[in-house]
Structure formats: C-alpha cells, structure tokens
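One structure below.
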Amino acid sequence: MWEDSLTVFCGIDWAERHHDVALVDDAGTLLAKARIADDVAGYHKLLDLLAEHGDSPDDPMPVAIETSHGLLVASLRTGSRRVFAINPLAAARYRDRHGVSRKKSDPGDALVLANILRTDMHAHRPLPADSELAQTITVLARAQQDAVWTRQQVANQVRSLLREYYPAALLAFQGKQGGLTRADARVILTLAPTPAKAAKLTLAQLRAALKRSGRLRGCDAEAERLRDVFRAEYAHQLPGVENAFGHQLLALIKQLDATCQAADDLAEAATAAFHQHADSEILLSFPGLGPMLGARVLAELGDDRARFADARALKSYAGSAPITRASGKKRFVGRRFVKNNRLINAGFLWAFAALTASPGANAHYRRRREHGDWHAAAQRHLLNRFLGQLHHCLKARQFFDEQHAFAPSSKLPRDPEAQAAAMSVHPSRVPA
C-alpha cells in the first residue's frame with residue numbers, strides 16, 4: 001500500500017498526439033514515467049498511474065502542464081485537483097537549473113515540470129475554479145473577439161484592393177460607421193464589383209439594394225448620394241484588369257460576409273450567456289460596459305473570487321498597473337508588457353466608452369491629460385481605477401455608484417482599505 005505521508009508531484013509535457021508524464025516525490029526521486037496517447041485510453045492510463053501513487057478524490061495530486069486548455073486539462077480539472085499552467089518560458093529557465101548542456105527531451109521536460117511543483121509550487125497559481133457558466137462565457141466571448149479581429153483583417157484586405165482600382169467605393173462607404181463591414185456596403189459591392197458596373201446602377205437598383213441590406217429609412221437620399229459618387233470621374237484600370245479585380249473583390253466579399261455573420265452570431269450567444277450569470281448586473285452597473293464588453297471582461301476575470309488576492313493583483317493581471325524596474329541607482333516606472341492582452345483590449349474600449357457615460361470618469365481622464373499623460377496613458381490610468389472599483393464591487397456584491405467612485409480626492413481617506421470602503425455603495429443598491 002502506498003504510504004499516505006509521501007507527497008507526490010506530477011509533471012506533464014503536453015504535445016499534439018502524445019504526452020509524457022513524470023512523477024516525483026518530495027525528495028526529487030523519479031517514481032514513475034510514462035507516455036500516454038491523446039485519447040480516452042491515454043487519459044485513463046494517466047489516471048490509473050496517478051492512483052497507483054496515492055492520488056484520490058479526497059487528496060488529489062497536483063499537476064503541472066504547459067497549457068491551460070484542451071481535453072487533457074479538462075479531464076484533470078474534474079473534482080478538486082489543482083492544475084498549474086506553467087509558462088513555457090518559465091519552464092525553459094527551470095530546465096537550465098538541471099544542466100548546462102542545453103539538452104532537451106519530452107520526458108526531461110515532464111520531469112522539470114514536476115520538480116517545479118516540488119520546489120516552487122508556492123510561487124505559481126493553479127488554474128482558477130471558475131463555474132461552468134463562466135467557462136462557457138469565456139469560450140464564446142473569446143471566439144467573438146477573434147471573429148471581430150478576423151473581420152477587420154478581411155475588411156483591410158478589401159480596402160487595400162479597392163485602392164487599386166475602385167476609389168469610388170472607398171468614398172461611398174469608408175467615412176460611415178462600420179465602413180466596408182456595413183451590410184449595405186457589402187450588398188452594393190456584390191451587385192457592382194467594378195466601377196463600370198457601379199456607374200450604370202439606377203436609383204431603383206440602388207434603393208432595392210439598400211432595402212435588401214436591411215436599411216429602413218433614408219433610402220432615397222442615400223441612393224442619390226451613391227449614384228452621384230459612382231458616376232463621378234475617376235482614373236480607371238484597363239477593362240480586362242478591372243474585371244479581374246472585380247472577381248477578386250467578390251471572393252473577398254464572401255469572406256467578409258462570413259466573418260460578419262460569425263461575429264454577430266457569437267455576440268448573440270455570448271450576451272445570452274452573460275445575462276444568465278450572477279455577476280452580470282454588477283458589471284452592467286459600471287459606465288461604459290454593455291453586454292458584449294461586459295461578457296469579455298467577465299470572460300477574462302472569471303468568477304473564482306479567490307483568483308486575485310487583492311485589487312492590485314487584478315490590475316497587474318490586466319496590465320493597467322505600472323511596473324517598477326530598479327537596479328542600483330537606476331529606477332524606471334513604465335507600463336507592463338506581460339499581461340492579459342484580451343482584457344487590456346476590452347479595458348481600453350471600456351475606458352473610452354466611459355468618457356461619455358460617466359462625468360466622473362471624464363473628469364478623471366481630463367485631470368490625467370492636464371497632468372501630462374498621453375491619451376493611452378490617461379485611459380490606462382482610468383481603467384486601473386475602474387478595475388479597483390470592480391474588484392471591490394464583486395467582492396462586496398454591490399453596484400457601482402458614481403458619487404462614491406469619483407468622490408473628490410481630498411475627501412477620500414489615505415488608507416487603501418478605508419478608501420475602498422468609501423467607494424462602496426449604499427446597502428439599498430446591493431444586487432440580489
């Protein structure tokens with residue numbers, strides 16, 4: 001029988017088709033190693049190996065792996081097991097501690113990961129214990145964000161192509177909100193992929209195209225504007241070259257239609273899941289946060305309240321808090337480069353939208369600009385303040401309150417805990 005007093009650590013070198021596993025005890029002795037396949041049989045083999053060395057539902061063995069997603073991680077996270085996602089760059093630094101020859105192998109990397117937990121488990125954090133709904137929102141919100149980025153990439157390709165042969169289309173749609181991703185722009189460019197065809201469009205055809213795109217008002221005025229733009233005088237490519245560009249444009253428009261539809265469908269699914277979460281009302285109480293942007297913020301924060309020890313940890317994770325580099329007589333304070341890029345992207349959109357939705361946020365932003373901050377630095381400073389308030393509201397289960405959040409600095413106590421309490425809201429606004 002396995003001795004209950006022995007502490008065992010597991011390291012897994014993750015790959016696409018197979019995974020190498022290493023188990024070590026608290027003295028660093030290699031107890032077992034194996035290679036498992038990336039399928040159900042391999043997962044069962046891994047669980048059997050862990051059980052042979054003391055793993056149990058009441059006392060699960062900690063596992064270190066270089067990824068935070070995938071079916072293997074999902075299988076390991078069932079129950080109360082702590083799974084540590086070790087950054088590959090950090091694992092590479094640990095590898096140098098075991099030898100200077102710079103040799104590398106998959107079984108050796110698994111052993112390094114296991115020894116990371118044995119020696120420095122206190123310096124690493126396990127994956128957060130988010131609820132199933134929070135993990136669902138994470139998948140949908142990240143997919144929607146990826147779809148938006150892909151949509152913009154395709155739109156940039158369309159814009160570059162139009163510059164080659166079709167300047168009238170740029171003049172017609174580029175200045176409007178949404179630009180070339182607008183439904184009316186995509187419908188009309190599909191109807192007239194070349195300047196020659198666009199110049200022949202009648203008012204009736206343009207009105208019909210605008211109505212097909214979903215436009216309900218102002219079709220007559222917009223059709224006249226588009227006709228005047230398309231029939232103006234421009235430089236032209238040779239007819240055959242222009243037709244070839246038209247075929248290329250039609251191919252890109254199909255891709256743009258698909259990415260626009262994907263972004264819309266994922267946004268609908270993400271917002272529907274977001275409204276089901278208990279934290280959605282608190283997030284929506286903040287100025288500048290709508291359902292989609294709130295879903296992105298919740299996706300990166302999760303709902304494990306023990307994930308961040310304090311507001312400072314959350315700000316560092318988001319990248320809004322500055323970082324200090326000091327050595328000898330040199331000291332530099334600057335922005336963070338290692339951060340959650342998805343969260344900081346959503347945070348900048350949040351801070352920008354709050355400038356018109358919150359007088360306090362706008363005044364705070366103006367003070368930072370007068371202090372000498374550039375636009376991005378002032379926005380980052382505003383986001384830093386919002387994240388501290390959000391951490392407090394989620395922990396205390398309270399809504400955002402404009403008067404308390406942006407009270408005059410002279411009235412706020414200097415003690416950080418007392419200042420957080422001063423930013424809280426009235427008990428009457430506590431969410432259900």
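Structural remarks
- Given (1) open to solvent by less than 60 Å² (accessible area, probe 1.4 Å); (2) touching a Pro at 6+ places or on another chain (Cβ under 9 Å), index of the condition residue 235 fails: (1)
- Enumeration of residues in the range 60-107 that are more than 17 Å from residue 20 (Cβ to Cβ), without any contact (Cβ under 8 Å) to a residue 12 or more places away in the chain, in a loop (DSSP other than H, G, I, E, B) and open to solvent by 60 Å² or more (accessible area, probe 1.4 Å): 69, 78, 100, 101, 102
- Subset of the range 159-210 (residues that are outside any helix (DSSP H, G or I) and small (Gly, Ala, Ser)): 175, 178, 192
- The one condition in (1) open to solvent by 30 Å² or more (accessible area, probe 1.4 Å); (2) more than 30 Å from residue 395 (Cβ to Cβ); (3) of a type in the set (A, V, I, L, M, F, W, C); (4) touching a residue at least 24 places away in the same chain (Cβ under 8 Å) that residue 244 fails to fulfil: (4)
- Residue count for the range 41-55 satisfying the condition of being in contact with a helix residue (DSSP H, G or I) (Cβ under 9 Å, 6 or more places away or on another chain) and open to solvent by 40 Å² or more (accessible area, probe 1.4 Å): 1.
- The range 119-145 residues that are surrounded by fewer than 15 Cβ atoms within 10 Å (Cβ to Cβ), paired with ones that are part of a helix (DSSP H, G or I) and of a type in the set (A, V, I, L, M, F, W, C) (beta carbon under 9 Å, 6 or more apart): 123/116
- When the criteria are applied in full, residue 250 fails the requirement of being at pLDDT 95 or above, within 30 Å of residue 391 (Cβ to Cβ), aliphatic (A, V, I, L, M) and open to solvent by 10 Å² or more (accessible area, probe 1.4 Å).
- Qualifying residue in the range 63-77 (condition: at positive phi and small (Gly, Ala, Ser)): yes
- The C-beta contact set for the range 337-362 (first residue free of Cβ contacts under 8 Å to residues at least 40 places away in the same chain and closer than 11 Å to residue 379 by Cα, second residue open to solvent by 60 Å² or more (accessible area, probe 1.4 Å) and assigned to a helix (DSSP H, G or I), distance under 8 angstrom, 6+ apart or interchain) comprises 362/356.
- Checking the range 125-144 against the condition returns no match, with no residue being hydrophobic (A, V, I, L, M, F, W, C) and more than 30 Å from residue 271 (Cβ to Cβ).
- Pair list, Cβ < 6 Å and 6+ apart or interchain, from the range 216-234 residues that are closer than 18 Å to residue 197 by Cβ and modelled with pLDDT under 95 to residues that are open to solvent by less than 90 Å² (accessible area, probe 1.4 Å) and among the charged types (D, E, K, R): 223/207
- Being within 19 Å of residue 288 (Cβ to Cβ), in contact (Cβ under 8 Å) with a residue 12 or more places away in the chain and over 25 Å from the mean Cα position of the chain (by Cα) is a description that does not apply to residue 385.
The values are calculated or read from the model by the stated rules, or taken from the named source; none is laboratory data. Nothing here was measured: the structure is a model prediction, and the numbers come from that model. Note that each Cβ is placed from the backbone with ideal geometry, even for glycine, and that neighbours are counted across all protein chains shown. For accessibility, only protein heavy atoms count, side chains too; no ligands or nucleic acids. Shrake-Rupley method; radii C 1.70, N 1.55, O 1.52, S 1.80 Å.
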